[in-house]
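Presented below is the structure to which this report refers.
Nothing in this text is a laboratory measurement; each read-out follows from the coordinates by a stated rule. Model, not experiment: these values are computed from the prediction. Positions of Cβ are backbone-derived with ideal geometry, glycine not excepted, and every protein chain shown enters the neighbour counts.
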Amino acid sequence: MENTNELSQRFTKALFAEAPNLEAHLKREREYWLPDSTPLTMEFAALGRGVADEYNGFDSSQTREIFRLVEEAVGSKNEKFVEAILTGFLESMMSRFERSDVEIKFVTAQLGGKSKMHVGAWQSV
């Protein structure tokens, strides 16, 4: 099984390849935490908020690929990584969408099955 750091690096590299402007969101989060290292969940939360903030600038293929990457990450066998994706990325992204002009049902419909299941459970709490 891959370690959390390797999975995180691969995820962010693929995410930045699809949406390079998300790098600035992660950079700001890391700067905020200096001189300490940024907790993984907070890094993913910054990226999730970034996706929501940048959403209207993505074309449909970018959105599909971003949500595919998230769904792939949620399917990992590394529990620490999955937890950071779910509670960091997904919950922060959906929370930001709830405060935006984007129709939340439209976003939820684009998520993969595991992501959609978590979001549904999180929203019902």
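Considering only lysines 8 or more places apart in sequence, or on different chains, count the pairs in region 76-125 whose C-alpha atoms sit under 17 Å apart.
4
Once you list every other residue whose beta carbon is under 14 Å from the beta carbon of Val102, what net charge do they have if Lys and Arg are +1 and Asp and Glu are -1? Residues close to Val102 contribute a combined charge of -1. For the chain, what is the mean residue ellipticity at 222 nm derived from helices alone (per DSSP H run of n ≥ 4: -39500 (n - 2.57); sum divided by total residues; nearest 500 deg cm²/dmol)? Helix contribution divided over all residues of the chain: -21500 deg cm²/dmol. Would you mind counting up the charge near Ala24? Only other residues with Cβ under 15 Å from its Cβ, with Lys and Arg at +1 and Asp and Glu at -1. Result for the neighbourhood of Ala24: -3. Using a cut-off of 15 Å between alpha-carbon atoms, which aspartates and glutamates can reach Lys13, once sequence neighbours fewer than 8 places away in the same chain are excluded? In chain and number order, the partners are Glu23, Glu43, Glu65, Glu72.
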